[in-house]
Amino acid sequence: SQKQPLIITDLIEHDGQTLERAALIGLPNRHNLLFDFATNRLLSWSQGDLARQRTKGKNWYWEPAGSPLLETKLKEPEFELEVAGKRYVVGTDEQWLAEPRHVELRGDLATVEYVLIFREAGALATSQRVRVEVRHIIEPYQTETGHGLRRRMTFRGLPDKANLLWRLVNAKQVTEAR
């Protein structure tokens, strides 16, 4: 049985798209998260096997293998900021919205750290930027009635009195489910 988290950062195919900058994280209790750094989005939470390796022509890639518990269907980045009545969105001159800095697997925890650059929504590319360091600690979670995962997040570099807006799922998906 798996005692330490696993992480795959190779090419991952999900929902018909090939993700070049993603992390598929599997915990010892067989709960898995798929996060895309290119778009700064949590894509899915699943349970079971972590992944299967496949080929397409001469290319190798991975696909999530677990049974989906949550497909977020997010079309935009997971986080936004609101500072002094102004909205800031993740935007960068780099190729990826989230720049990974560090991954650590220790005990039954997976820690992922990355940097986000926020810009005022609708402002010129040269507008003021806010650099935020994000740290996720992902760990198995057990209660008397079941098990799952806990995702603890810390943010360093947030301006005073900033509101951090977090999207977990696509709002349209929630509305349609009602």
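The values are calculated or read from the model by the stated rules, or taken from the named source; none is laboratory data. All values derive from a computational prediction rather than experimental measurement. Quick reminder, even Gly has a Cβ in these numbers, built from the backbone with ideal geometry, and neighbours come from all protein chains shown. Side chains included, ligands, DNA and RNA excluded: accessible areas come from the protein's heavy atoms. Shrake-Rupley method; radii C 1.70, N 1.55, O 1.52, S 1.80 Å.
Values as computed for the structure displayed
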| item | result |
| --- | --- |
| Residues in region 1-43 reached by a label modelled at Glu104 [backbone nitrogen below 17 Å; 7 Å Cα→Cβ] | 4-7 |
| Correct choice for mean projected area of the Cα convex hull in nm² that was computed from the model, options (1) 12.8; (2) 13.5; (3) 15.0 | (1) |
| Dipole magnitude of region 1-50 about its Cα centre (Cβ charges: Lys, Arg +1; Asp, Glu -1), debye to nearest 20 | 260 debye |
| Residues of region 116-163: accessible area per residue with a 1.4 Å probe, Å² | 67 Å² |
| Residues with amide H under 5 Å from that of Arg41, placed H, sequence gap 5 or more | Asp36, Glu78 |
| Neighbour cut-off at most 11 other Cβ (10 Å), DSSP loop, trypsin sites (Lys or Arg not before Pro), region 85-163 | Lys161 |
| Max mean-square fluctuation residue, GNM over the chain, Cα-Cα springs under 10 Å, options Asn29, Asn163, Asn40 | Asn163 |
| Gained length - Leu168 relative to Ser67, 0.36 nm times residue gap less alpha-carbon distance | 34.5 nm |
| Most mobile of Asp160, Asp108, Asp15 in a GNM of the chain (Cα contacts under 10 Å) | Asp160 |
| Cα coordinate range in region 1-83, projected on the principal axes (Å, largest first) | 45, 33, 19 |
| In order through region 10-18: 3J(HN,Hα) via Karplus (6.51 cos²θ - 1.76 cosθ + 1.60), integer Hz, x for Gly, Pro | 7, 4, 10, 9, 9, 6, x, 10, 8 |
| Virtual spin-label span in nm between Tyr141 and Glu94, 7 Å along Cα→Cβ | 2.8 nm |
| Among Leu34, Leu81, Leu69, residue whose mean-square fluctuation peaks in a GNM of the chain (springs only between Cα atoms under 10 Å) | Leu69 |
| Accessible surface of the chain [probe 1.4 Å, protein heavy atoms]: carbon and sulfur percent | 47 percent |
